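Taking it in order: structure first as structure tokens, then the write-up.
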2 protein chains.
Amino acid sequence: MKHFNVVIVGATGAVGQELIKVLEERNFPVKELKLCATSRSAGKVLFFRGRPHTVEVTTPDSFEGMDIALFAGGAASKEFGPAAVERGAVVVDNSSTFRMDPAVPLIVPEVNPEDVKWHKGIIANPNCSTILLVVALKPIHDAARIKRVVVATYQAVSGAGREGIDELTAQTKAVLEQREVKPEVFPYQIAFNLIPHIDVFMDLDYTKEEWKMVKETQKIMHDESIAVTATTVRVPVYRSHSEAVNIETERKITAAEARRLLGEFPGIVVMDDPAGKKYPMPLFTSHRDEVFVGRIREDNSIPNGLNIWVVADQIRKGAATNAVQIAELVVKYGCLARG
Amino acid sequence: MKHFNVVIVGATGAVGQELIKVLEERNFPVKELKLCATSRSAGKVLFFRGRPHTVEVTTPDSFEGMDIALFAGGAASKEFGPAAVERGAVVVDNSSTFRMDPAVPLIVPEVNPEDVKWHKGIIANPNCSTILLVVALKPIHDAARIKRVVVATYQAVSGAGREGIDELTAQTKAVLEQREVKPEVFPYQIAFNLIPHIDVFMDLDYTKEEWKMVKETQKIMHDESIAVTATTVRVPVYRSHSEAVNIETERKITAAEARRLLGEFPGIVVMDDPAGKKYPMPLFTSHRDEVFVGRIREDNSIPNGLNIWVVADQIRKGAATNAVQIAELVVKYGCLARG
């Protein structure tokens, strides 16, 4: 089997470190792994397959000879993405920079794998909340056509990276010790609180995070007729995002049918046994790759509706795992820039 | 002004202690205040208007000579409610025991105050999540008729009383110190977790808490045509409940109009200035009596829809304040059992 040179940009952050783990766990055919980051993190040593790798400062030349460049997110994508493509690497980008560019495929491998075939050097990894959502929606949409989705999110602090995780711990300690809390990463205290504000405010007073769930869902599903409305909320949970999702379909679908369809879909674990107190929770889903779906109920308020509860690890399936799965598709379909 | 003998049953719990505070703050015309609880809490001393009151064991005779009996919730309502009525007290009951009894009014004073007039001795205080919801729905319903509501809740641990509050603190410390967590009050660990399971599971796999939001809303609003579907979730927050509410109306209502209607309604504080980072959060709403509404947006997915975000202190407006407001109505309308 052919092996490939892979570079991770932003290797020292929460998503970057998870990318290293996931490449290792999934036994991705890596020839050489290069780890890059900003000058602040350069020189750090991280391990891949038991061997130490020293983190380098990202420069345009970091991509020389690289087949695949995994960008963990942030400003580096805009700065170095095009340079990586010029040097012959296929970029899998976890930032929002290129997601809505019509020339860039936006991929969730369980949902629209074929889109990898038309990439022009850059493939975008969707927003974490959108990834969870579309995996759960896809089998329902295929069976009954989804007309409308109302979603409320419960998003973990890991969405803001390592700094978000550290801030929750520090603030929680401060509250318990009755010390003053100083928010730095989030707009307000997140410990023992909820913040209905993720990313910046935009049209109609929705946040960018909320619009991402609308627009990215339509792009990934290739269906602009799916109407989505979202309220996104940060919660004091470390790393799994949860979503209360209300779905209206064209055709009636029973809870039993939904349970079967979801259970048969790749990447989904149905965890839905009320009598046995089984339903997805961040406690059980963190550090797992699957999207967990439970609380599957026929909507009592309309003829063709469903309520479901979706939970998945934001750093894994919401970011690193999905990115590595995209890289696997690139290899599978032979869409590398270099033969 | 006439003054009244008031007894609080369950005086030592989270809601009971708040009832004492609220009676004092709102200057309720109390002649004598009697505090009752189970034998476990009898003998404790609590203060009302600066004077010590010793907690007594609740017995049927506790209600002799009492004008108003405030039941904080739990099993005592069923055990002693009828005895209190027989002895001439008007019962304001915070438990779910009598809420759906057609002979018992279910009241949120801002929404259906007139219902107090037909009570037969017992008046029920609604479920905490329902109180928040109906206060926010009422001005919208009056203006544009609500057809359907999709609600996802973010419920504080105070919904499980003092024990719930203590469990969140104890578990949070245990997680931070990497000690084992033993759930006692909630079905699973609540610290840094979410539990999509409040009260028991019932028809169609909805929980009792979810059905309460459906049925109690219809009863309070006197309108069984309002279709409500709910997903209720426990979150690691101390005492304010939050709700992401999607509303479909018969008549189109703009965000500006909704903001005005909500702002003019008694008991609501509109906190909705995205540019100024103003929106309701448990951090700001706890220990307050009002229902806070923000993130008011026209729903982008249907012609006549709104999304709002509602937060209020579960122990205050969700329980104690609403109960004392009901007692105020009893006095105002002269519906006491005794002249």
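Every read-out reported here was derived from the displayed coordinates using simple, explicitly stated rules and does not represent laboratory data. All values reported here derive from a predicted model rather than from experimental measurement. With ideal geometry, Cβ positions are generated from the backbone for all residues, glycine too; neighbour counts draw on all protein chains shown.
Given a 10 angstrom Cα cut-off, can you work out which residue in B:R40, B:R260, B:R239 is the most mobile in a GNM of chain B?
Result for chain B, Cα springs under 10 Å: B:R40 fluctuates most.
Amide H neighbours of B:R234 under 5 Å, at least 5 residues apart or on other chains, H built in the peptide plane: list them.
Long-range HN contacts for B:R234: B:Q155, B:I195, B:H197.
Enumerate the whole-percent occupancy of each 10 Å bin, from 0 to the last occupied one, for all C-alpha pair distances of the range B:134-238.
In whole percents, the pair-distance histogram is 14, 37, 27, 16, 5, 0.
Which whole-number percent is the relative contact order of chain B (Cα, under 8 Å, 6+ apart)?
The value is 19 percent.
Taking 45 Å as R0, compute the FRET efficiency from the Cβ-Cβ separation of B:R145 and B:D166 and round it to 0.05.
My answer for the efficiency is 0.55.
Please list, in order along the range A:131-137, the HN-Hα scalar couplings obtained from phi with the Karplus expression 6.51 cos²θ - 1.76 cosθ + 1.60 (θ = phi - 60°), rounded to whole Hz, x for Gly and Pro.
Per-residue couplings from phi come out as 4, 4, 5, 5, 4, 6, 6 Hz.
Please report, in cubic angstrom per residue, the volume enclosed by the convex hull of the alpha-carbon atoms of the protein assembly as shown.
155
Between B:E328 and A:D199, what is the spin-label point distance in nm, taking each point 7 Å from the Cα along the Cα→C-beta axis?
4.3
Taking the label point as lying 7 angstrom from Cα along the Cα-to-Cβ axis, what are the distances from B:Q178 to the corresponding position in the remaining copies, in ascending order and in nanometres?
Distances between equivalent label points, in nm: 2.9.
Which order do the peptides A:249-256, B:112-119 take when ranked by the mean count of other beta-carbon atoms within 10 Å per residue, highest first?
In decreasing order of mean packing, A:249-256, B:112-119 become B:112-119, A:249-256.
Hey, what's the per residue convex hull volume over the C-alpha atoms of chain B, in cubic angstrom?
Residue-normalised Cα hull volume stands at 152 Å³.
Dipole of the protein assembly as shown (Lys/Arg Cβ +1, Asp/Glu Cβ -1, origin at the Cα centre): which of A:A191, A:G81, A:T207 lies farthest to the positive side?
Looking along the dipole axis, the top candidate is A:A191.
Can you list, largest first and rounded to whole Å, the semi-axes you get for the range A:186-285 by taking the square root of 5 times each eigenvalue of its Cα gyration tensor?
27, 22, 11
Need one value for B:285-297: mean number of C-beta atoms belonging to other chains within 10 Å of its residues' C-beta atoms.
Mean shielding count: 2.
Figure the gain on full extension for B:A75 and B:Q178 (residue separation times 0.36 nm, minus the Cα-Cα span) and round it to one decimal in nm.
Gain on stretching B:A75 to B:Q178: 33.4 nm.
State the Cα centre-to-centre distance between the range A:141-217 and the range A:1-31 in whole Å.
Going from one Cα centre to the other spans 27 Å.
Given q = 0.09, 0.12, 0.18, 0.23 Å⁻¹, what are the Debye log10 I(q)/I(0) values for the range A:1-133, with equal point scatterers placed on the Cα positions and solvent ignored?
Debye output, listed in q order: -0.24, -0.43, -1.00, -1.57.
Starting from the Cα of B:K117, step 7 Å along the direction of its Cβ; do the same at A:R51; then give the gap between the two resulting points in nm.
It works out to 8.6 nm between the two label points.
For the range A:257-335, which chymotrypsin sites (Phe, Trp or Tyr not before Pro) are in a loop by DSSP, counting at most 16 other Cβ atoms within 10 Å?
A:Y333
Round to the nearest 10 and give me the degree value, 0 to 90, for the angle of helix A:14-25's Cα axis relative to the longest principal axis of chain A.
80
To two decimal places, what compactness ratio does the range B:130-314 give when its Cα radius of gyration is scaled by 2.2 N^0.38 Å?
For the range B:130-314, the normalised Cα radius of gyration is 1.08.
Placing unit charges on C-beta atoms (Lys and Arg positive, Asp and Glu negative, everything else neutral), compute the dipole magnitude of chain A about its Cα centre in debye, rounded to 20.
Magnitude of the dipole: close to 580 debye.
Amide H to amide H under 5 Å from B:S240: which residues, 5+ apart in sequence or cross-chain, H placed 1.01 Å off N in plane?
Residues meeting the criterion, in which the H sits 1.01 Å from N, are B:Q314.
How long are the three semi-axes of the equivalent ellipsoid for the range B:33-111, computed from the Cα gyration tensor as the root of 5 times each eigenvalue, in whole Å, largest first?
Largest first, the range B:33-111 gives 23, 15, 12 Å.
Look at the axis of the rotation that sends chain B onto chain A, then give the chain B residue with the nearest Cβ and the distance in whole Å.
B:A152, 2
Between copies, how far apart are the B:E32 label points? List them in nm, one decimal, shortest first, with each point 7 Å from Cα toward Cβ, please?
The projected label point of B:E32 is separated from its counterparts by 9.1 nm.
Could you tell me which residue out of A:Q155, A:T231, A:I268 lies farthest along the dipole of the protein assembly as shown toward its positive end? Charges go on the beta carbon: Lys and Arg +1, Asp and Glu -1, centred on the Cα centre.
Projecting each Cα onto the dipole axis, the largest value belongs to A:Q155.
Give the relative contact order (percent, whole number) for the range A:130-314; include only Cα pairs under 8 Å separated by 6+ residues.
In percent, rounded to a whole number, it is 29.
Please report, for A:E224, the nm distances (one decimal) from its label point, 7 Å out from Cα along the beta-carbon direction, to the equivalent points in the remaining copies, shortest first.
Output for A:E224: 4.4 nm, nearest copy listed first.
Identify the residues of the range B:191-212 with backbone N under 17 Å of a label point that sits 7 angstrom from the Cα of A:A256 along the Cα-to-Cβ direction, or state none.
The answer is B:203-206.
How many Cβ atoms of partner chains, on average, are near each residue of B:177-190 if near means within 10 Å of its Cβ?
Whole-number average of other-chain Cβ neighbours for B:177-190 is 1.
Might you report the magnitude of the Cβ-based charge dipole of the protein assembly as shown about its Cα centre, with Lys and Arg at +1 and Asp and Glu at -1, to the nearest 20 debye?
The calculated dipole for the protein assembly as shown is roughly 500 debye.
Would you mind checking the radius of gyration and Dmax of the range B:228-339 based on alpha-carbon positions, in Å?
16.5, 55
Round to the nearest 0.05 the FRET efficiency obtained for A:H287 and B:H222 when R0 = 51 Å and r is the Cβ-Cβ distance.
Efficiency, rounded to the nearest 0.05: 0.55.
What lysines could a cross-link reach from A:K182, if we take a straight Cα to Cα line under 28 Å and drop same-chain neighbours fewer than 8 places away?
Straight-line reach from A:K182, under 28 Å: A:K173, A:K208, B:K173, B:K277, B:K278.
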